[in-house]
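Peer 1: Quick one: this structure, given as structure tokens, is what I'll be asking you about.
The values are calculated or read from the model by the stated rules, or taken from the named source; none is laboratory data. It should be emphasised that the depicted structure is a prediction, and the values quoted were computed from it without experimental measurement. Here the Cβ positions follow ideal geometry from the backbone for every residue, glycine too, while neighbour counts run over all protein chains shown.
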């Protein structure tokens, strides 16, 4: 593991003077036949991106301390993302696309590497308490992103990209945004590209930079949640959600106040893959 400390932060906190989202690109080291720009030059990256969109499933176990049903202050453990050993679960727990759409090519951008024969998925495990109206307030846990492609036979062969340790939650319109830090990158390479070089800004790849801000829209609307009483003092809250994630390098003045706003993606748990 290449251990780093990249501060991931909320981009929309009114009290925090944070830089606007910076464009980034992804290099997976292979031409999958969809390079709309500079294909002849052998470029293997996506174009410039503003954000990634995603879908995910979550399951929250609520400890009902007062036996009055799930309510504010109850402790929670939320898990989600793909299921180990079940590659079909990726379809409900993955990055679904980019903004702007990769069908639109910016001639000043890196080449377009079609998103279809490769993908990004995740797992998470988060800890915290319930707020009012079944909102979630996470204070610890982690989310891990993985790369896979059409030749990946099982979830055991997914390649870890990076892990984000969660430290707090900010409530906002549309759902909570998680804050934390990237603590490690996966080992090895993807089609000849070192894992730490897969995500890039114009200033350099992610594992060369520090204090990278990330805004993750969790989108856990209580109307999308199904509650089940387990009859033992706990409840299960389950749902299918969506959201988006973007990145930025904060201005120096904002470094002390910026955290990571990470995929509400009902957390990508830190599960190491071979």
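Peer 1: Just to verify a result, which residue in segment 130-152, among those that are assigned to a loop (DSSP other than H, G, I, E, B) and out of contact with any helix residue (DSSP H, G or I) (no Cβ under 8 Å at 6 or more places or on another chain), is surrounded by the most Cβ atoms within 10 Å (Cβ to Cβ)?
Peer 2: My answer is 131.
Peer 1: If you go through segment 49-87, how many residues are farther than 16 Å from residue 236 by Cβ, in contact with a helix residue (DSSP H, G or I) (Cβ under 7 Å, 6 or more places away or on another chain) and assigned to a loop (DSSP other than H, G, I, E, B)?
Peer 2: Here the count works out to 4.
Peer 1: Do you know which residues across segment 181-210 are at positive phi and either in contact with a helix residue (DSSP H, G or I) (Cβ under 8 Å, 6 or more places away or on another chain) or assigned to a strand (DSSP E or B) (or both)?
Peer 2: Result: 188, 204.
Peer 1: I've got another one for you. Which condition number in (1) surrounded by 15 or more Cβ atoms within 10 Å (Cβ to Cβ); (2) farther than 29 Å from residue 129 by Cα; (3) modelled with pLDDT of 85 or more is the one that residue 44 fails?
Peer 2: Condition not satisfied by residue 44: (3).
Peer 1: Can I ask one more? Assigned to a helix (DSSP H, G or I), modelled with pLDDT of 70 or more, surrounded by 15 or more Cβ atoms within 10 Å (Cβ to Cβ) and touching a strand residue (DSSP E or B) at 6+ places or on another chain (Cβ under 8 Å): is that true of residue 242 in this structure?
Peer 2: no
Peer 1: Could you tell me which numbered condition residue 18 fails, if it satisfies all but one of (1) touching a helix residue (DSSP H, G or I) at 6+ places or on another chain (Cβ under 9 Å); (2) modelled with pLDDT of 75 or more?
Peer 2: In the conditions (1) touching a helix residue (DSSP H, G or I) at 6+ places or on another chain (Cβ under 9 Å); (2) modelled with pLDDT of 75 or more, residue 18 misses (2) alone.
Peer 1: Being modelled with pLDDT of 90 or more and surrounded by fewer than 16 Cβ atoms within 10 Å (Cβ to Cβ) narrows it down to one residue among 78, 53, 63; which is it?
Peer 2: 63
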